[in-house]
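Working notes for the structure below.
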Amino acid sequence: MDRERKSLGVSDLDFELPNAGAGPDPLALSALADDSGTDALVLFFQRDYYCRKSRQQVQAVADRYGEFRDRDATVVSVLPESEEKAEKWQKKYHLPFPLVADEDKQVAEQYGQPTRLGKLGERLDLVGRLPEVAVLDARHGELRLFAVHRGDSPGDRPSVDDVLAMIDRMLADERD
C-alpha cells in the first residue's frame with residue numbers, strides 16, 4: 001500500500017493541525033480514523049482564504065454534510081492559512097466539520113497539493129495553489145489512500161456528487 005500511496009504523490013497520511021471547526025483542537029487525522037463510526041475521511045485542500053470557489057465548495061459540502069455522515073464519512077477542510085483566518089471562515093460559514101489551518105503548507109506538501117507558476121505560485125496561494133480532494137479509507141484500523149483528485153486549474157474540483165460517488169466506490173470495493 002505504501003508504494004501505491006507514493007505513486008499517487010502522497011508521502012504520509014497522518015497529520016495534526018490547529019482546528020477552527022467542529023471537533024478537537026488540535027485535530028489529529030489518526031484520531032478521527034480511530035473513531036469506529038468513521039469509514040472514510042475526505043480531505044478538501046483549499047486554495048486560499050480569499051478564493052471564491054473554495055468558499056463555495058465548503059458551503060456546498062456543509063449543506064450536504066448529512067450525506068457524508070450517512071456514509072460514515074468525515075470531512076476535513078484544509079486551509080493553507082493561519083488559525084486566525086480559519087477562525088474567520090468558521091465564524092462566517094459555521095461548518096459542521098473540522099477546518100484545519102495549514103499555515104506552513106506542510107500537510108499540503110505531504111499530500112502533493114499542486115501549485116502552478118513556479119516559486120511565485122508556491123509563495124502566493126491565490127495565484128498558484130490548486131484544489132485537491134483526497135479520499136481515505138479508515139476501516140480496518142489504519143488509514144489507506146483510496147483516491148486523489150488534483151485540480152489543474154482553480155475551478156477544477158469535483159462536485160459534491162462526484163466526491164460522494166468516490167466514497168460509494170470505496171465502500172463497494174469491500175462488498176464485492
- Note on the structure: Once Lys and Arg are counted +1 and Asp and Glu -1 for all other residues with Cβ under 14 Å from that of LEU95, the total becomes +4
- Query: Where the centre of each part is set by its Cα atoms, how far does segment 26-67 sit from segment 129-144, in angstrom?
  - Reply: 11 Å
- Query: Hey, if we sort LYS53, LYS92, LYS105 by accessible area with the 1.4 Å probe, largest down, what's the order?
  - Reply: LYS92, LYS53, LYS105
- Query: Using a 1.4 Å probe, how large is the accessible area of ARG71, given in Å² and rounded to the nearest 10?
  - Reply: 60 Å²
- Item | Rounded if a/c under 1.5, otherwise prolate or oblate - segment 48-101, Cα gyration tensor axes | prolate
- Message: Rounded to the nearest percent, how much of the accessible area of segment 137-176 (1.4 Å probe, protein heavy atoms only) is carbon and sulfur?
- Response: 43 percent
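The values are calculated or read from the model by the stated rules, or taken from the named source; none is laboratory data. If you're wondering where the values come from, they're calculated on a predicted model, not measured in any experiment. Every residue, glycine among them, receives a Cβ derived from its backbone with ideal geometry; neighbour counts consider all protein chains shown. With ligands, DNA and RNA removed, areas are computed over all heavy atoms of the protein, side chains included. Shrake-Rupley method; radii C 1.70, N 1.55, O 1.52, S 1.80 Å.
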